[in-house]
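Notes follow once the structure below has been shown.
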Amino acid sequence: MAASMRLLVRRVLRLSHRNINVAAAGGSGRSGCCSGSSSCRCFSDATGDRSTHFGFETVPETEKAKRVYKVFENVAQKYDVMNDAMSLGIHRVWKDMLLHAMHPQPGVRLLDVAGGTGDIAFRFLEYVQSQQERQKRRAARSTQTPSWQDISTNYSTEDKDGPQESKAVVCDINKEMLKVGKQKADSMGVSAGLSWVVGDAEELPFDDDQFDIYTIAFGIRNVTHIDQALQEALRVLKPGGRFMCLEFSKVTNPVLARLYDTYSFQMIPVLGEVIAGDWKSYQYLVESIRKFPDQEEFKGMIEDAGFYCVHYHNLTGGVVALHSGFKL
Amino acid sequence: MVVLSGGRFTVCVHQLHSSPGFTDSCYDGLYPGHIQTTPIQKALLAVGSGVAALQNPYRHDMVAVLGETTGHLALINLRDRMKNDPEGYTILTERPRIRLSTLDLSRMASLPDGSFGREYLRFLEDNHVTPDSRADVKFVDNEELAYVMQRYREVHDLLHTLLGMPTNMLGEVAVKWFEAAQTGLPMCALGAVLGPLRLNSSRLQSLFTSLGPWALQNGRRSRCILSIFYERRWEQNLEDLRQELNIEPPPVILSAANKRST
């Protein structure tokens with residue numbers, strides 16, 4: 001009861017805060033920079049375009065989506081190779097941990113937003129399949145000495161695997177990334193229960209109350225309006241559905257933070273240039289990580305969107321955080 | 001108009017009909033395409049690009065990055081040589097660029113055979129290359145040196161014409177030996193040393209007995225090839241130009257017919 005009151009109060013405060021900001025921007029005809037980077041001054045059109053951050057640059061909001069699209073268009077082909085190179089393969093562990101926390105059961109519907117090359121969706125299908133096999137084995141063990149009657153009823157119920165089938169929908173705004181994902185699926189021979197949809201996280205092309213689980217892995221920091229993406233997530237989830245987000249976050253340990261920063265800024269753009277032939281996209285990547293809110297602030301944003309029981313876990317000392325919330 | 005954003009210095013050139021987005025004519029750094037790098041990053045780039053170029057020699061962008069990150073001293077030397085030469089000095093001030101858009105191809109095609117322009121065009125056609133395929137300079141932290149590097153890249157094809165070398169492996173290695181002797185760029189030296197590893201024995205023999213020594217000698221004694229305003233010499237006879245630059249004609253006539261075979 002107290003938690004929901006707190007949520008309500010926060011939401012009211014946030015809305016009023018937003019109204020004040022909009023009024024100020026409209027009144028002066030010039031917009032300020034968001035994210036509190038006090039050292040920047042920017043001139044915008046007289047129409048009062050709001051501006052936002054693109055890495056450490058400041059760009060009009062309308063620009064950001066286009067530039068992010070271009071970044072991922074350029075890196076799509078080498079995306080997986082670069083992930084392995086930059087994180088030394090650790091990104092696979094992070095994604096596996098997401099799946100373990102999710103613990104999906106057969107019959108569950110997943111929406112993976114900004115799913116691009118399909119890493120989460122593939123892992124989801126694999127996990128669910130192994131869960132299904134586990135269940136079958138358990139069922140087989142429990143019927144140790146079946147009578148002929150039991151055996152005949154078992155044969156007839158095996159056809160009922162249909163409704164148990166899980167579906168994963170991979171949604172991404174970028175067609176190149178989806179293309180790469182589809183190619184991967186084809187080469188792996190995975191096609192059942194998998195769909196590829198072009199869509200914007202701020203405006204999902206799905207009805208309300210459709211999915212049991214919504215995931216967004218390393219994608220939400222590229223969205224221009226994170227709060228809109230969170231609201232869309234709430235909308236498309238079924239009641240009782242779970243929101244899960246893997247994202248780079250703030251490292252708490254100062255020594256690790258220094259090492260991480262040095263590695264990020266010195267090594268990663270170089271890797272981008274050598275492996276993918278694209279320095280600037282990976283410079284954007286490391287800068288965008290710094291601009292993303294920290295664990296607590298993001299938790300607050302998720303709560304403001306209307307999720308309950310919001311928690312986060314730090315992975316690798318805070319390099320990555322796994323946030324989770326429920327729609328009740 | 002200069003915009004300060006997030007602590008980075010960005011130069012923006014506004015056109016008459018400026019658009020709200022500051023994208024196309026904006027650049028960070030000292031020249032369009034310049035990317036600021038720390039010494040550590042340059043070192044990492046040099047190693048990484050070297051490895052990448054060795055693994056896949058068709059990655060011309062990696063060869064370019066290797067050249068940029070290792071060539072600082074050689075570029076200074078080249079720039080000073082250009083400054084001391086009157087024609088080279090003109091090039092440094094006027095900054096000509098060799099691109100399809102700046103070349104008058106129809107006029108060059110109408111030039112007599114044996115003229116530099118006609119032979120250059122013939123070279124481009126026979127070897128199916130275009131002057132527009134050169135990567136832009138990114139990691140040189142001095143605007144003038146960046147131009148010298150760019151000029152070196154763009155002059156490479158003209159050098160093929162001057163030396164009479166096609167773009168197959170043997171021809172490229174011969175040109176690299178010449179360039180290594182001329183410019184002292186570490187990337188050329190590396191290419192000169194590693195290039196022969198991909199040649200078969202008969203070509204290796206040809207390289208070591210006649211082509212190689214010729215390329216090295218001429219590289220050393222020739223006038224600085226970056227100091228020549230090629231764009232104003234299309235009508236000049238090729239042999240005359242060679243004599244002026246102190247380059248002997250090639251000892252072996254190589255044909256472009258066997259392109260892409262070692």
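Numbers at a glance
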read-out: Cleavage-rule hits (chymotrypsin sites (Phe, Trp or Tyr not before Pro)) in the range A:229-328: DSSP loop, at most 15 neighbouring Cβ within 10 angstrom; value: none
read-out: Estimated FRET transfer efficiency when R0 is 22 angstrom, pair A:Cys309-A:Arg138 (beta carbons, to 0.05); value: 0.15
read-out: For B:Ser115, residues with placed amide H under 5 Å, excluding near neighbours; value: B:Leu238
read-out: Given charges at beta-carbon only (K, R positive; D, E negative), |dipole| of the range A:82-190 in Debye; value: 140
read-out: In order through the range B:84-91: 3J(HN,Hα) via Karplus (6.51 cos²θ - 1.76 cosθ + 1.60), integer Hz, x for Gly, Pro; value: 7, 9, x, 5, x, 4, 4, 5
read-out: Pairwise label distance in nanometres, B:Thr209 with A:Arg92, each label 7 Å out on the Cα-Cβ vector; value: 5.3
read-out: Computed label-point distance, nm, for sites B:Gln36 and A:Asp208 using a 7 Å Cα→Cβ extension; value: 5.0
read-out: ³J(HN,Hα) computed for each position of the range B:28-34 - Karplus, 6.51 cos²θ - 1.76 cosθ + 1.60, integer Hz, glycine/proline x; value: 7, x, 8, 7, x, x, 6
read-out: Rounded to the nearest 20 debye, dipole of the range A:185-233 from Cβ charges on Lys, Arg, Asp, Glu; value: 320
read-out: Solution diffusion estimate, µm²/s, Stokes-Einstein, the range B:28-186, Kirkwood Rh from C-alpha pairs, 10 °C, viscosity 1.306 mPa s; value: 94
read-out: Dipole of the range A:159-291 [Lys/Arg +1, Asp/Glu -1 at C-beta], most positive-end residue of A:Val170, A:Leu256, A:Pro239; value: A:Leu256
read-out: Beta bridges by DSSP in the range A:168-272, antiparallel share as percent, to the nearest 5; value: 10
read-out: Mean ellipticity per residue at 222 nm, deg cm²/dmol - from DSSP H runs of n ≥ 4 across chain B, formula -39500 (n - 2.57); value: -16000 deg cm²/dmol
read-out: Global form of the range A:89-145, assessed from the alpha-carbon gyration tensor, a/c cut-off 1.5; value: prolate
read-out: Exercise: per-residue mean of other protein chain Cβ atoms within 10 Å, A:50-58; value: 3
read-out: Modelled FRET efficiency - R0 45 Å, A:Tyr263 with B:Glu248, Cβ distances, 0.05 increments; value: 0.30
read-out: Three semi-axes of the equivalent ellipsoid, the range B:141-262, Cα gyration tensor, whole Å, largest first; value: 23, 18, 13
read-out: Amide hydrogen neighbours beyond the local backbone of A:Arg50, cut-off 5 Å, H modeled; value: A:Glu61
read-out: Under the Karplus curve 6.51 cos²θ - 1.76 cosθ + 1.60, θ = phi - 60°, whole-Hz ³J(HN,Hα) for the range A:258-263, x wherever Gly or Pro sits; value: 4, 4, 4, 4, 4, 4
read-out: Sparsely packed trypsin sites (Lys or Arg not before Pro) within the range B:53-116, loop by DSSP, other Cβ within 10 Å at most 12; value: B:Arg99
read-out: Likely footprinting exposure, A:Asp112, A:Asp80, fewest C-beta neighbours within 10 Å first; value: A:Asp80, A:Asp112
read-out: Two-site label geometry, A:Glu73 and B:Arg95: point separation in nm, points 7 Å out along Cα→Cβ; value: 2.9
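A short reminder: the numbers here are calculations on the coordinates, not readings from a lab. No experiment lies behind these values; they were computed from the predicted model shown. Virtual Cβ from ideal backbone geometry, glycine too; neighbours counted across all protein chains shown.
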